[in-house]
1. Restricting to segment 49-64, count the residues that are basic (Lys, Arg) and open to solvent by 40 Å² or more (accessible area, probe 1.4 Å).
2. Can you tell me how many residues within segment 190-207 are open to solvent by 10 Å² or more (accessible area, probe 1.4 Å) and either more than 12 Å from the ligand (Cβ to nearest atom) or out of contact with any Lys or Arg (no Cβ under 7 Å at 6 or more places or on another chain) (or both)?
3. It is to be established whether one or more residues within segment 85-99 are touching a strand residue (DSSP E or B) at 6+ places or on another chain (Cβ under 9 Å) and either surrounded by fewer than 16 Cβ atoms within 10 Å (Cβ to Cβ) or assigned to a loop (DSSP other than H, G, I, E, B) (or both).
4. Could you tell me how many of the residues in segment 26-48 are out of contact with any helix residue (DSSP H, G or I) (no Cβ under 6 Å at 6 or more places or on another chain), open to solvent by 50 Å² or more (accessible area, probe 1.4 Å) and assigned to a loop (DSSP other than H, G, I, E, B)?
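The values are calculated or read from the model by the stated rules, or taken from the named source; none is laboratory data. What you see is a predicted model; the values in this text were computed from it and never measured. Virtual Cβ from ideal backbone geometry, glycine too; neighbours counted across all protein chains shown. These accessible areas exclude ligands, DNA and RNA; they are computed on the full protein's heavy atoms, side chains included. Shrake-Rupley method; radii C 1.70, N 1.55, O 1.52, S 1.80 Å.
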Amino acid sequence: MGSETGLKAILERLRAAERRAGRPEGSVTLIAVSKKQPLERIEAVLEEGHRVFGENRVQEAAGKWPAFRERYEDIELHLIGPLQTNKVRQAFRLFDAIQTVDRPKLARTIARIAEEEGRCPRLFVQVNTGAEPQKAGVLPQEADAFIAECRDLGLVIEGLMCIPPVDEEPSLHFALLAKIAARNGITGLSMGMSADFEKAVAFGATHVRVGSAIFGERMEG
Ligand SMILES: *Cc1c(COP(=O)(O)O)cnc(C)c1O
């Protein structure tokens with residue numbers, strides 16, 4: 001197999017979606033979601049010049065990204081999966097951004113470790129826009145209070161993140177996330193995946209998270 005990935009095609013579609021939405025070219029960051037992908041495919045995307053990636057498990061990221069960081073400069077890694085409080089310090093070392101700040105205990109731990117380390121990754125609050133019991137994220141009606149609580153702890157919230165329910169029209173969820181962000185003075189919006197990132201751009205996404213459309217199917221397990 002050659003080193004051809006879906007990266008170029010997705011970037012073209014992303015730039016076209018920006019134009020259609022009347023948004024400046026390059027205003028949306030593509031996060032290439034590399035979870036459960038073979039190292040060769042990640043390497044192919046790095047070789048094509050892409051530098052922004054997302055992983056949903058701390059342990060998995062720890063197994064591959066330190067080595068890639070030694071070989072490629074300017075890598076920007078986003079944590080897009082749940083974070084346990086006992087892994088926060090490790091997450092600080094591995095990730096440039098944590099998109100899954102979703103509960104007071106986690107926010108307090110991040111604030112404490114940021115104080116100790118004198119630095120903090122960029123932070124996004126995850127909102128469970130569909131109020132799904134099995135999904136992480138603060139409930140929409142609790143988002144304002146939680147964001148305020150984070151700010152009281154001294155945390156800077158750069159954006160909001162959501163994963164819409166699989167069986168619902170994502171636009172409603174994108175619109176809801178954008179509304180919560182706007183009323184809290186937050187500009188970052190991480191929303192949209194392989195199947196719906198163009199729609200997310202129309203609703204103001206600043207970050208889209210695309211995995212399988214770039215890398216192909218994920219490995220199981
Ligand atoms: C896996 C994952 C993605 C990417 O999903 P695709 O459908 O492969 O594009 C995006 N966001 C989160 C939070 C994920 O876990």
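1. Applying the first criterion (basic (Lys, Arg)) to segment 49-64 yields 51, 57, 64.
Still in the list and also open to solvent by 40 Å² or more (accessible area, probe 1.4 Å): 51, 57.
Adding up the residues that qualify gives 2.
2. To start, the set of residues in segment 190-207 that are open to solvent by 10 Å² or more (accessible area, probe 1.4 Å) comprises 193-196, 198-199, 202-204, 206-207.
Next, from what is left, pick out any that are either more than 12 Å from the ligand (Cβ to nearest atom) or out of contact with any Lys or Arg (no Cβ under 7 Å at 6 or more places or on another chain) (or both): 194-196, 198-199, 202-204, 206-207.
Qualifying residue count, segment 190-207: 10.
3. yes
4. Qualifying residue count, segment 26-48: 1.
Yes or no, residue by residue, for (1) buried (at least 20 other Cβ atoms within 10 Å of the Cβ); (2) over 22 Å from residue 33 (Cα atoms); (3) within 16 Å of the chain's Cα centre (by Cα); (4) free of Cβ contacts under 8 Å to residues at least 24 places away in the same chain:
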residue: 110; (1), (2), (3), (4): yes, yes, no, no
residue: 113; (1), (2), (3), (4): no, yes, no, no
residue: 137; (1), (2), (3), (4): yes, no, yes, no
residue: 142; (1), (2), (3), (4): no, yes, no, yes
residue: 153; (1), (2), (3), (4): no, yes, no, no
residue: 160; (1), (2), (3), (4): yes, no, yes, no
residue: 174; (1), (2), (3), (4): yes, no, yes, no
